[in-house]
1. Over 20 Å between Cα atoms, which of 136/261; 160/190; 9/59; 82/268; 119/261 qualify?
2. Of 88, 14, 107, which is the most mobile in a GNM of the chain whose springs link Cα atoms less than 10 angstrom apart?
3. Among the DSSP beta bridges whose two residues both lie in the chain, what percent are antiparallel, rounded to the nearest 5?
4. Which aspartates and glutamates have a Cα lying under 13 Å from the Cα of residue 173, excluding residues fewer than 8 positions away in the same chain?
5. Separation of region 130-158 and region 19-50 by C-alpha centroid, Å?
6. Given the DSSP H assignment, sum -39500 (n - 2.57) over each helix run of at least 4 residues in the chain and divide by its residue total; what's the result at 222 nm in deg cm²/dmol, nearest 500?
7. Indicate the gyration tensor shape class of the chain (rounded, prolate or oblate), computed on the Cα atoms with a ≥ b ≥ c the square roots of the eigenvalues: a/c under 1.5 is rounded; otherwise a/b larger than b/c is prolate and the rest oblate.
8. Which shape class, rounded, prolate or oblate, goes with region 4-93 when its Cα gyration tensor gives a ≥ b ≥ c as root eigenvalues, a/c under 1.5 marks rounded, and past that a/b bigger than b/c marks prolate?
Amino acid sequence: MNSIEQQIKETLQQIPFSDNGGNVLDAEVVYSLELSGETANVMLVIGKEYQSIREETIKKIEAGLKTVDGISDVTMKVVGSKSEIETQQKQNAGANPAPPEQANYLQEYENVILIASGKGGVGKSTVAINLALALKEMGKKVSVLDADVYGPSIPIMLGKRNEPLQVVGQQVKPLNQYGIDFMSVGNMVKEDQALIWRGPMAHQVIQQMLRDAAWPGGDYMIIDLPPGTGDVQLSVAQMTEATGAVIVCTPQDVALLDARKAIAMFNKVNIPVLGMIENMSAFVCPKCGAETPIFAKGGTERESTDQNIAYIGGIPIEMDIRLGSDNGDPIVHASPNSASAKVFKEIAVRLDQIVTEAN
Ligand code: ADP
């Protein structure tokens, strides 16, 4: 059976809207959808120009959602434009500011570590997965949550691309690979669809992966955040009591500048920054062993000193690291005795020390 999110998306995508082949999801008719037990609370936006198909569309959405396993009731609110909702939200906020939703999911884990980066493409997911495997090698029980809903890459890195998540009872069951339990939006939707999550839906999917998932618990939950300082970071910060964040960065100034913003964001939401890791630190020639600092090695360490944050370690840029990630067998698992796997293991030991000192 598909996950509840996937069933909802597939159902909504089958409901037509407009005459050019669109559907209610892509046409943004469904502004938000929130599950409360078995009730789906839906907010729809249907403009005046669609008056002729308004009632029919509402009925189809209600009937469609009721066919989804786990939904028995649907409540609907229909407005004429997005700005109506925004005005209403602003008025509500002014009159009675809503407290941010606070929850404390993942309590079954000793430590919840957020892996973050200022920029995309710096190797955050590569570091998250190899770090998780290195902690597992140390005898820790480790799970990984891929919270990068806009570009989930953990399923590819763990060789579990296109493997759907299963729903058991009301809970989504994490997948397991190389001894790591993990969950990703990449296993909920088709790969080319992951990018369409909008703010409220991204929040919901994170909430469901935290709240409605049968996580086994253990020593470490490693959460791979999207790059930057967006809504998902705040959702995760609000819904977990994270032990702390680790910032992955390449050494050059542009990446460091964005990393500084990520650090400022964690400070704002009171999540300790446990340390920084420099990825793609230097290129070591596999033929002659000469080291070339492609991105100017050492920038992250200097930045961490400036910010009074621990420097956890530096990872070289290396063909085998890329191949491991891209081929679904990360280097710490594929070549545990390689020089790079050893670097990841040293970083895992250092992080474990930092976490023990912080607890
Ligand atoms: P992010 O999560 O920051 O977007 P990824 O972990 O997806 O970045 O890495 C982006 C690309 O860079 C991937 O193809 C990955 O295999 C590669 N990569 C990451 N770290 C290294 C490294 N140290 N050496 C070589 N390739 C790397």
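1. Details: 136/261 31 Å; 160/190 13 Å; 9/59 17 Å; 82/268 30 Å; 119/261 10 Å.
In this structure, 136/261; 82/268 lie more than 20 Å apart at Cα.
2. Per the Cα network of the chain with a 10 Å cutoff, 88 tops the list.
3. Numbers: 15 of 53 bridges.
Antiparallel: roughly 30 percent of the beta bridges in the chain.
4. 163, 181, 212
5. Each part's Cα centre sits 33 Å from the other's.
6. On the way: 12 runs with 137 residues, N = 359.
Value at 222 nm, helices only: -11500 deg cm²/dmol.
7. Working: a/c = 2.04, a/b = 1.82, b/c = 1.12.
Note, shape of the chain comes out prolate.
8. Working: a/c = 1.92, a/b = 1.11, b/c = 1.72.
In terms of gyration-tensor shape, oblate.
Taken together, the values in this text are just the output of simple stated rules run on the coordinates, not laboratory data. Because the structure is predicted, anything quoted here is derived from the model rather than measured.
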